[in-house]
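These notes are about the structure you will find just below.
The values are calculated or read from the model by the stated rules, or taken from the named source; none is laboratory data. Because the structure is predicted, anything quoted here is derived from the model rather than measured. Note: ideal-geometry Cβ built from the backbone for every residue, glycine included; neighbour counts use all protein chains shown.
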Amino acid sequence: MVRVVIVLIVLGITTACSNYVEKVKFVEPYKGPMMRAENITTIYSDSGHTKLKLQAPVQLLLQTNDREFPQGIYVEFFDEKKDPKAILTSNYAIFYKNENLYKISGNVVVDNKREGKKLKTEELFWSPATKKIYTAKHLTIQTGNEVVEGEGMDANQDFSSYSIRKPIGIFSVK
């Protein structure tokens, strides 16, 4: 009888421990953002001169140290006199820290008001290190009286100079 009681106790302990291990084993690690900031403004400067200002309603710091802007960004690029040279806006953006690269998407507009040029596309990449923007997607550029469309483009970040990889449509050439 004592042996039966001991066997039942050992079976009870083994069953209880195995149920506990199974519960712990299936716990998923947290994969969400580490930090959330609202109404952020980031100023980038070089030698005391403001080069650009980035604003966003929400910034999420991800566990990879990438930064996500789920409600879009507003970026002003400044000249030497601190006057706005161009403005970049979008509905969404993510900054990949390891690549030092922004992927900007959703109603992307780069407006160089000084030179009267406006770029519209659905996806754009921006490298702060090289000060270049580029896309492989369809784009529309408005310049003065012209509207040029194309597939793919490379440009300076302030959109002062650009080249379209595959122009589409009719436009004048000087």
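Data overview
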| read-out | value |
| --- | --- |
| Meets criteria (out of contact with any Pro (no Cβ under 9 Å at 6 or more places or on another chain), of a type outside the set (Asp, Glu) and exposed (fewer than 15 other Cβ atoms within 10 Å of the Cβ)) for SER90 | no |
| Counted residues, the range 58-90 - those being over 23 Å from LYS120 (Cβ atoms) and of a type in the set (A, V, I, L, M, F, W, C) | 4 |
| Residue that is farthest from TYR96 (Cα to Cα) [pool: residues in the range 112-165 that are of a type in the set (Gly, Ala, Ser) and assigned to a strand (DSSP E or B)] | GLY150 |
| In the range 58-83, the residues that are of a type in the set (D, E, K, R) and within 17 Å of ASN100 (Cβ to Cβ) | ASP66, ARG67, GLU68 |
| So GLN55, is it polar (S, T, N, Q) and not in a strand (DSSP E or B) | no |
| Qualifying position, being small (Gly, Ala, Ser), within 25 Å of the chain's Cα centre (by Cα) and at pLDDT below 95, among SER18, SER45, SER90 | SER45 |
| Residue match in the range 85-99 (condition: of a type in the set (Lys, Arg) and touching a residue at least 40 places away in the same chain (Cβ under 8 Å)) | yes |
| So GLY144, is it modelled with pLDDT of 95 or more and either out of contact with any Phe, Trp or Tyr (no Cβ under 9 Å at 6 or more places or on another chain) or within 28 Å of THR41 (Cβ to Cβ) (or both) | no |
| In the range 67-87, the residues that are in a loop (DSSP other than H, G, I, E, B) and surrounded by 17 or more Cβ atoms within 10 Å (Cβ to Cβ) | GLY72 |
